[in-house]
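Just so it is clear, none of the values below were taken in a lab; they were calculated from the coordinates. None of these values were measured; they are calculated from a predicted model. A quick note on method: Cβ atoms are made from the backbone with ideal geometry, for glycine too, and the neighbour counts reach across all protein chains shown.
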Amino acid sequence: MRLLDGIRVLDFGRFIAGPYCAALLGDYGADVIRIERVQGGEDRYLPPVAESGEGGMFMQLNRNKRCLTLDLASTEGRTVVRQLVLSADVVVANLPPATLRQLGLDYDTLSALNPRIVLVAVTAYGSTGPMSQQVGFDSVGQAMSGAMYMSGLPGAPVRAAVNYVDFHTAQACAMGALAALWARERSGRGQLVEGSLLRSALIQNNAVLIEQAVRAPNRVPQGNRGYSAAPVDVFATSDGAVVVQAVGQAMFERWCAVMGRSDLLADPRFADDVARGVHSAAVSAIMSAWCAGQTRAAVLATLADAKIPAGPVLSPQQALDDPHIRASGMLQAGAFAGLPGGFPLAAHPVDLSDTPAGVYRDPPRLGEHTDELLCELGYDAPAIAALRSRGVV
């Protein structure tokens, strides 16, 4: 028996935050139903990898789901949604509050139909404030939290290539959904779970904002170098780059021993982490010179022996080929009907010893389970054919 057997989740999410939240619940056994436009959502095809057009993002975020195509603008489509809500435990939707109300997916409407429903609502900017009705993507959270400004170099802010704000939001909302389901066991009622991209981004950059509010250092970006410790940087070796992050006095002393520079311990510029952060360019210069004449493997082996955190900077192909990643099982074999060779699927973020998460259903083809789900709601074959002829499904 899976942890969330018997829990039904309606996934109205698009792109990342909503769909990944629902996928995480599906990993624990929830019956997740992806509600998708009849012609297919735009997030199904980014970036295209299958012969049928489905994309890598879709493959990752829609395992363990059944797919129902539905025209939410039609009266008959709304009727199907209401019937689904009566049998559902969780609704996931990453849409602005006004759009939720327009579609009848706001918490007041849903809870009137089903008082036990848990609504997970994900927005870009939160449900209050002057920007609350606007749409936004991951990069907006990176930008408005100060994180993008602090990346790169002065005058050249850099967006992280990975959508870390989206994935943080999805994981937080999945945790909120589980907490709400647990609370329902005590109260008998569902509740509204709200998350936003901007909130998640502010959480991840909170320490920098605290420092600015208290001390106002007005920091400027300095590439890959750290601000409160050193060496923290990316270094070139003879055959590739490594990232190093040494924090704390004991680690700095071990690093000095590796460099053969015990004299640095008496240098007031490197007296503590804060001082080393201020003079990080000097520390990086020493480390750069040491790395330059060695192979990446040799550098990493020496640092590992000294218990100094470091790792190789890998290309996507190198990550796929990396022996540790391959041995760890962190990438699992995924399958899809339109992708004969399968695909590498990142595993669930955490392992539970007694009730583990797993992948038991491949990402769905467009409308693959429409008839199946409508039959479960009581529609017979002629009724389903009529809905299909009118473009409702």
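Tabulated values for the structure
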{"item": "Span-like helix ranges in the chain, DSSP H, alpha carbon extent 24 angstrom or more, Kyte mean at least -1.0", "result": "164-187"}
{"item": "Calculated FRET efficiency for the pair M259/A156, C-beta based, R₀ 30 Å, to 0.05", "result": "0.50"}
{"item": "Candidates V158, V92, V120, ranked by Gaussian network fluctuation over the chain, Cα under 10 Å, top entry", "result": "V158"}
{"item": "Beta bridges per DSSP with both ends in the chain, % antiparallel, nearest 5", "result": "45"}
{"item": "Relative contact order computed over the chain (Cα-Cα under 8 Å; 6+ residues apart), in percent", "result": "19"}
{"item": "Gaussian network model of the chain, springs between alpha carbon atoms under 10 Å - residue of G41, G338, G155 with greatest fluctuation", "result": "G155"}
{"item": "Cβ-derived FRET efficiency at R0 25 Å, Q204 paired with Q245, nearest 0.05", "result": "0.90"}
{"item": "Contour excess over end-to-end distance, with Cα ends at A216 and L113 and 0.36 nm allotted per residue", "result": "32.0 nm"}
{"item": "Residue with peak Gaussian network fluctuation, the chain [Cα springs, cutoff 10 Å], from D272, D27, D354", "result": "D354"}
{"item": "Mean-position separation - Cα centroids, region 1-41 and region 115-174, in angstrom", "result": "21"}
{"item": "Sequence of M148, M175 once ranked by neighbouring C-beta atoms within 10 Å, starting from the fewest", "result": "M175, M148"}
{"item": "Restricting region 75-172 to trypsin sites (Lys or Arg not before Pro) in coil, as DSSP defines it, with at most 11 other Cβ within 10 Å", "result": "none"}
{"item": "F15 long-range amide H proximity, modeled H, under 5 Å", "result": "D43"}
{"item": "Sequence of V90, V165, V392, V350 once ranked by neighbouring C-beta atoms within 10 Å, starting from the fewest", "result": "V350, V392, V90, V165"}
{"item": "Amide hydrogen neighbours beyond the local backbone of V118, cut-off 5 Å, H modeled", "result": "V90, V91, Q191"}
{"item": "Size-normalised alpha-carbon gyration radius of the chain, reference 2.2 N^0.38 Å", "result": "1.17"}
{"item": "Sum of -39500 (n - 2.57) over DSSP H runs of 4+, divided by residues of the chain (222 nm, nearest 500)", "result": "-12000 deg cm²/dmol"}
{"item": "Formal net charge of residues neighbouring L374 (Cβ-Cβ distance under 10 Å; K, R +1; D, E -1)", "result": "-3"}
{"item": "Environment charge at R254 (Cβ cut-off 11 Å; Lys +1, Arg +1, Asp -1, Glu -1)", "result": "-1"}
